[in-house]
1. With +1 on the Cβ of every Lys and Arg and -1 on the Cβ of every Asp and Glu, and nothing else charged, how large is the dipole of the protein assembly as shown about its Cα centre, in debye rounded to the nearest 20?
2. What residue among A:PHE95, A:LEU60, A:LEU82 has its Cα farthest toward the positive end of the dipole of region A:5-97, where the charges are +1 on Lys, Arg and -1 on Asp, Glu, each on the Cβ?
3. Where does the longest stretch of chain B lie that holds no trypsin sites (Lys or Arg not before Pro) found in a DSSP loop with 11 or fewer other Cβ atoms within 10 Å?
4. Rounding to the nearest 20 debye, state how big the charge dipole of chain A is about its Cα centre with +1 on each Lys and Arg Cβ and -1 on each Asp and Glu Cβ.
5. Net charge near B:ARG134, counting Lys/Arg +1 and Asp/Glu -1 over other residues with Cβ under 11 Å of its Cβ?
6. Fully extended, how many nm does the chain gain between B:ALA211 and B:ALA30 (0.36 nm per residue separation, minus their Cα-Cα distance)?
7. With Rg and the Kirkwood Rh both taken from Cα atoms, where does Rg over Rh land for chain B?
8. Treating the angle as unsigned and between 0 and 90°, give the value, to the nearest 10°, between the Cα long axis of helix A:45-54 and the longest Cα principal axis of chain A.
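Coordinate-derived values only; no laboratory data. Every value quoted in this text rests on a predicted model; they were computed, and no experiment measured them. Virtual Cβ from ideal backbone geometry, glycine too; neighbours counted across all protein chains shown.
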Amino acid sequence: MAGSGAFEAICGALAAAEGMDRWTARGTLQLSLMDAGLDASTVTAAQLAIVVERLLPRQLQSHGGVNVDALCLRLRDTLASLPEAAGDESAESVFGRIAR
Amino acid sequence: MFAFALACVGIYTLMSAFVGARLVRRALPARGMPELLMGFAYLAAPGLGYPLAVGSTRVQDPTIGLAMFVAGQTLIVLGCSCFFFFNARVFRPKSVLAQGAAAIGAVLFALSGTEIARGHIALGADALGLASVRAASVTMLSVLGLAYAWTAYEGFRHHRMMRRREGLGLGDPVVANRFLLWAVAGSLQVVADAVSAYSLHSGGDMTADPASVLATSLVGIVNSGLLVLIFIPPARYARWLMRDRPGALAAV
């Protein structure tokens, strides 16, 4: 299943890192998202920034030859450069507004 | 027993109509498709469809009664279909399988609703004596049970995910609780539908079978309360949910 724009952007940046390929990057990020209770198809850049800061470094430790700090800094820069996604239609967003 | 059942189902009908109309009214100017689907589902099926179909048997004029029944049945089919499409749109927006399942559910509702209406046109209130109408009613209840089971599954899944997000400072406890209540309401509806479907399948009349009437009544009154907590939660309830997380609402 396709991920959100932010997810795909981070996957691309992660896959370009040394010792990573597309599938490893995707799997690593998916594991971090599962730990965070987030869904790849709807995750936003703001949510991914927290995942990159708090959870991804732990996942990346197991990949030898990866400079975790430098890579996470680059990923955060990538996220910061993303344009704001239009209209959040995630289940969380819908359930957040149905009672307003 | 009859008065108790009528009161419970009546309260659920009123609550559904109120919540549904409120969601539709707010969805139209904002073009919010999820709210429109959910609002129309509550307004059309439990809010208008069931009262019209049930009330049609009490009307003296057979033509008006028949028109009420067919209108009620149509609203039930459309409203229940919206539950499926809401699930697919909100919980699985990129899944072709989910969109297909919603479409299949809607077709099954339409086919069974058509058979029920056809039997009613031919035999009136005695239509349940026809095997085809009984089978169609069981099918409709079973498919509706599946729609609510899907609702419950997604509600519990998202509640679990929201609890994990809370550990990172993401996620709102009020929204997490809303998923839980939504899942509980769906689960209870599955039980009520299963009891009614079993009653019909065993040759009984679900409007007279005590087990079916009791299940429908109790679920109706409990789900009325859940509708309040989900869609129009009192401020005190939201504050209670937020008691350990001041400021969490602004986290996402």
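1. 580 debye
2. After comparing all options, I get A:LEU60.
3. B:32-242
4. Value, rounded to 20: 100 debye.
5. Spelling it out: positives minus negatives among the neighbours equals -2.
6. Extending this stretch completely gives an extra 60.9 nm.
7. Taking Rh as the inverse mean 1/r over Cα pairs, Rg/Rh reads 1.00.
8. The helix A:45-54 is inclined about 40 degrees to chain A.
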